[in-house]
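The structure appears below as structure tokens.
Readers should treat all values here as calculations from the given coordinates under stated rules, not as data from a laboratory. None of the values given here were measured: they were computed from a predicted structure. We place every Cβ from the backbone using ideal geometry, glycine too, and count neighbours over all the protein chains shown.
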Amino acid sequence: MKTIDWTRDELVAYILLFAANSDFKEDNKERNVIISKVDMNTFQEIHDEFNSDNDYQGIQKIMTSLRQHNYEKDDIEVLLADIKTIFFADGKFKINERILLRSLERLFKTL
């Protein structure tokens, strides 16, 4: 994948949507957390794009965009904290959410 034409907010929205859908459903609490991080237009635009991508495409877009925006360790820590907020939005930290968190932590370390 060559380049992704996303702003940092669009990248954050995509990553949080990716996390919110780790259990194959996205509830209102998770949406509200994402909308608290980005504006409604960004959310809707990225949501439409997210819905048309498969998991492989999503990971490729995320990693490419993280590199393009020069995310460093501190940026990644903030991002992981936001992802954890999504996972705890419904008051539960399910096994598939734990697995995704661990996978994203490993992937992000490769930057």
Fill in: Lysine pairs within the chain, Cα separation less than 14 Å, 8 or more sequence positions apart or different chains
10
Response to the item:
Relative contact order as a percentage, the chain, C-alpha pairs under 8 Å and 6+ apart, gives 40 percent
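Could you give the length gained on full extension between Lys29 and Asp55, defined as 0.36 nm per residue of separation minus the Cα-Cα distance, in nm?
7.1 nm
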Practice prompt. With a bin width of 5 angstrom, please list the P(r) values of the chain as percents of all Cα-Cα pairs, from the 0 bin to the one holding the largest distance.
Written response: 2, 12, 25, 26, 22, 10, 2, 0
Fill in: Unit charges on C-beta of K, R, D, E only; dipole of the chain, Debye
500 debye
Discussion item. Using the Karplus curve 6.51 cos²θ - 1.76 cosθ + 1.60 with θ = phi - 60°, what ³J(HN,Hα) values do you get for each residue of region 25-34, in whole Hz, with x for Gly and Pro?
Written reply: 8, 10, 9, 4, 5, 5, 4, 4, 4, 5
Worksheet item: Which value in nm describes the separation of the simple spin-label points at Thr85 and Asn70, placed 7 Å from the Cα toward the beta carbon?
Response: 2.5 nm
